[in-house]
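Working notes, beginning with the structure itself.
The values are calculated or read from the model by the stated rules, or taken from the named source; none is laboratory data. Given the structure is predicted, the values throughout are model-derived calculations rather than measurements. Glycine gets a Cβ as well: all are built from the backbone with ideal geometry, and neighbour counts include every protein chain shown.
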Amino acid sequence: MTRLKGDRWFYHPTQKAYADPAEFKLTYESVYFDSERHRILGWYFPACGEAKGTVLHCHGNGGNITGHFKYVGWMPKRGWNVLCFDYRGFGRSEDVPSRPGCIADTHAALDYLLSRDDIDSQRIMLFGQSLGGAVAVVAAGQRDEFCGVAIEGAFSSYRGAVHYVGKKTWYLWAFANWLPPLLVKPGLDAIDSVARIAPTPTFFITGTNDGVCDPQQLVDLYEAAGEPKSLWMIEDGEHTGALTDTNGEGLDRLDRFFTASSQEVKMLTSSSVASKSTCSTSKMPRRPSRFGTVSLHAIAKGAGKNKSGAIRICRSWTYASVLAPPTLPRSTLRPDVRSISRRSATERRSKDTTAPESTNREKAWYSPRGLAIST
C-alpha cells in the first residue's frame, strides 16, 4: 500500500486551463478516443501546407495539455501534424493516472492516429518529455509504427528518479538510498525497454543542469539503446529547456531529426520489395517492419550489393551527421555526469530484465517534492 502511494507522487494532474491555442493563432481540433474503456482528450494540430509527417507528443507529469502544447506548437508551421493528449486523470481525460495507464493511453493515441485517413501512417514520430519521455520509451519499444523517436529529459527508472531528487532535497538526502525500494514499486522502466526501439532512429536530449531528472540517467538510456541513435547534451541546460532556452537551436535540431527520419521512410518504402529477399541477416537479428522484414545490417551499413547483385536497403548518411555539432566534451560536464558508466549497450541489453530490485541503475533519481515541480 505504501508503494502504491509512492507511485502516485509521480503524477500531478490538474483541470486548470493554462493557455488556449487560439492565443497563439494555432488551428486545432479537440478529439476523443478510448483507452481501456476510458475517454481520453487530445488536441490535433494540422500542419500548415503539405505535411512532412505527424508527431505524437507525450507530456510531463504535471498540469495538463493546456500547459504543454507550447512545446510543440511551433511544429505545424514547419510542416508537421501534431497530436497532444492528456493521460488518464489529467485535464478532461477520465480515470486516475497510473504507470501502465499512461503507457496504454500512448498506445491508444497512436491507434487513433492510425485510424485517420488524412495522415501518412508510415510517417509518425514520437516525442516524449520528462515523465513522458520514460513513457514514450516503453511504448516505442512495444510498437513498430514509429519511424523516429525523440526523448528529452527522461529518467531511466522510477526508483532511480526518486533517489536523484532525494539526494538533492536537504531533508531527504539521508534517506535517499532506502526510500526508492520502500516507496516505489519496480516495473515498466525505460532502461528495460530502450534497446527494443532499434532500428528506429532515436534522438536523446538532456541539459547538464537538469535539476529534476539526472542527466546521467538520460545518457544511460542512450548507451543502452541500439543504433541508429544520437545524443545532445546542452551545456548548462535546464529541465526540458531544449526547445525554449536554446535560441531556436533545439527547434532546428528536432526538426532536422524528424525530417531525416521521414525522408528515410520514403527511401525504404520505395525499396521495400527488394529488401525482403536481399538483405543479409547472418550477423544481425531481424525486426518486423511495416516496410517488410529489414536487416539491421542493411539499415546501419552503407550502400552495397549482395552476392546475387541485388541492391539492398541501406543508409547513405547517419543521424549523427544530420544533427550537426558533436556532443559536448566530457570535461565540460558536471562531475556526476563525467562519471557515466562505461558499460556497453550490449552488456546492458544482455542483462536479465527481471534482475533483483537492488540494481545499480536504481540508485540515481527523483523525490516526492521534486516531482511536484516537474513539467
Candidates Cys58, Cys48 - the one that is farther than 24 Å from Gly133 by Cβ, among the hydrophobic types (A, V, I, L, M, F, W, C), in the same structural domain as Arg159 (by TED's automatic domain parsing) and at pLDDT 95 or above
Cys48
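Out of Tyr87, Tyr112, report the one residue that is under 27 Å from Gln217 (Cα atoms) and among the hydroxyl-bearing types (Ser, Thr, Tyr).
The match here is Tyr87.
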Would you confirm, using the coordinates I've provided, whether Leu110 is modelled with pLDDT of 95 or more and either assigned to a helix (DSSP H, G or I) or of a type in the set (Val, Ile, Thr) (or both)?
yes
For Tyr18, state whether it is among the aromatic types (Phe, Trp, Tyr), at pLDDT 95 or above and part of a loop (DSSP other than H, G, I, E, B).
yes
Restricted to the range 33-91 and to residues being under 15 Å from Tyr18 (Cβ atoms) and out of contact with any strand residue (DSSP E or B) (no Cβ under 8 Å at 6 or more places or on another chain), the residue surrounded by the fewest Cβ atoms within 10 Å (Cβ to Cβ) is Lys70
